[in-house]
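What follows draws every value from the coordinates through simple rules; no lab data is involved. Because the structure is predicted, anything quoted here is derived from the model rather than measured. When we count neighbours, we look across all protein chains shown, and the Cβ atoms used for this are built from the backbone with ideal geometry, even at glycine.
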Amino acid sequence: MGIRKKGKFITFEGIEGSGKSTQIKLLKNFIEKKLKKKVFLTREPGGTSISEKIRKLIINDLKDNHNPYAELYLIFAARALHFDVIKEKIDKGYFVLCDRYIDSTIAYQHYNGSIDLNFIKIMQSKIHSNKLPNITFLLDINPQISKQRLLKRGKKLDRFDKLSLKKMTLVRNGFLKIAKINKKRVVIVKNDINKEVAHDLIVKNLLKKI
Ligand SMILES: Nc1ncnc2c1ncn2[C@@H]1O[C@H](COP(=O)(O)OP(=O)(O)O)[C@@H](O)[C@H]1O
Ligand SMILES: [Mg+2]
């Protein structure tokens, strides 16, 4: 590890429209300006050139009626490539901020899907045995509110943005279960409030944990 202190791995999770992109940008700014640390901003699926191609396959080309293992294996192919980059950045002292990671796989593929939880954990352990995020911010919101926010955002809705309220609720409850099981790592941030207030909460928790 040398003299230089290693960086941190921070993930943002939550349903579509919960405010991940908004909060990750605010936190990037804070870490760069106030903590004077280098930030590597990335996302899943994606984060490398091949992984971004896989992202397009998952989001634009796969259909809900395709074999769910196709999606799962694509997610992990993208992640295997991505994690090498994440690790390199952490080793170089970066604060790596990642929009979605393992908890999304568990929430979508297990709690809102048909994949066995242990199978996901085994696949994850092959990519890295002990490199879970240092801290995860779960942006929690009522799906009805996030749907309204997505419509207001004005961007074209993709396969995931179009999930029904019922499915979004399954995913949301999945995330909340994950948070309950991983209390030390996952901080729940209720995001039905002003984004600056949510940002302050995130900063407060970050400073407490690092
Ligand atoms: N606290 C908030 N209050 C009101 N609107 C918000 C808040 N946070 C985010 N938004 C808006 O909601 C929409 C979805 O937020 P976004 O950050 O894109 O969510 P995600 O990345 O989780 O899908 C955006 O138009 C964003 O500006
Ligand atoms: Mg986003």
(message) Show me the helices (runs of 4 or more DSSP H) entirely contained within the range 97-177 in which 1 or more residues are within 16 Å of ligand 2 (Cβ to nearest atom).
(response) 102-105, 143-153
(message) For the range 34-51, check the following and say yes or no: at least one residue is part of a helix (DSSP H, G or I) and either touching a Gly at 6+ places or on another chain (Cβ under 9 Å) or in contact (Cβ under 8 Å) with a residue 12 or more places away in the chain (or both).
(response) yes
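Filter the range 71-100 down to residues that are in contact with a helix residue (DSSP H, G or I) (Cβ under 8 Å, 6 or more places away or on another chain) and under 13 Å from Pro45 (Cα atoms), then give me how many there are.
Going through the range 71-100 one residue at a time, the tally reaches 15.
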(message) Being in a helix (DSSP H, G or I), more than 23 Å from Lys162 (Cα to Cα) and β-branched (Val, Ile, Thr): is that true of Ile24 here?
(response) no
(request) Considering (1) under 24 Å from Ile141 (Cβ atoms); (2) assigned to a helix (DSSP H, G or I); (3) not acidic (Asp, Glu), say which one Tyr73 fails and leave the rest. (result) (1)
(request) Tell me which residues, restricted to the range 3-31, are within 16 Å of Leu201 (Cα to Cα), more than 13 Å from ligand 1 (Cβ to nearest atom) and touching a Phe, Trp or Tyr at 6+ places or on another chain (Cβ under 8 Å). (result) Ile10, Ile31
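Rundown of residues vs (1) farther than 20 Å from Leu27 by Cα; (2) of a type in the set (S, T, N, Q), yes/no style:
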residue	(1), (2)
Leu81	yes, no
Tyr94	no, no
Gln109	yes, yes
Asp116	yes, no
Gln124	yes, yes
Ile135	no, no
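Hey, among Tyr108, Tyr101, Tyr94, which residue is touching a Lys or Arg at 6+ places or on another chain (Cβ under 7 Å) and touching a residue at least 60 places away in the same chain (Cβ under 8 Å)?
Tyr94
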